[in-house]
Amino acid sequence: MVRGYQMADSTRDMRRSVYTRELKTKFGNQKLTENTHEDLRALTDAIVERGAPATAVHAREIVH
């Protein structure tokens, strides 16, 4: 945790949900270094195409 910063419970819960629904299913068995920019772009593009651009942004922020 960054000093002096405490994440709100709602933010933590939302990020956990995005991780579980979007990232874990796609990248769960891989190390972070095994995921390429293209892999993440393909995932976020697919999320946007299904009509959830905010979720795509959250997924990208979790990884970066």
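The numbers here are math on the coordinates, done by the rules we state, and not lab data. A quick note: this is a predicted structure, and the numbers were derived from the prediction, not measured. Cβ sites come from the backbone with ideal geometry, for glycine too, and all protein chains shown count toward neighbours.
In percent, what relative contact order does the chain have, based on Cα pairs under 8 Å that are 6 or more apart in sequence?
Normalised by residue count, the contact order of the chain is 38 percent.
Which ³J(HN,Hα) values in Hz, rounded to whole numbers, follow from the phi angles of the stretch 9-23 under the Karplus curve 6.51 cos²θ - 1.76 cosθ + 1.60, where θ = phi - 60° and Gly and Pro get x?
With the stated coefficients, the stretch 9-23 comes to 4, 5, 5, 4, 5, 5, 5, 4, 5, 5, 4, 5, 6, 10, 8 Hz.
Evaluate 2.2 N^0.38 Å with N set to the residue count of the chain, then give the Cα radius of gyration divided by it.
Against the empirical 2.2 N^0.38 Å value, I get 1.17 for the chain.
Please list the non-local residues whose amide H lies under 5 Å from the amide H of Ala52, H modeled 1.01 Å from N, same-chain partners needing a gap of 5 or more.
The list, which skips near neighbours in sequence, is empty: none.
Which of Met14, Met7 comes first, and how do the rest follow, when ranked by fewest Cβ neighbours within 10 Å?
Met7, Met14
Efficiency by 1/(1 + (r/R0)^6): what FRET value for Asp39 and Arg15, r their Cβ-Cβ distance, R0 = 25 Å, to the nearest 0.05?
0.85
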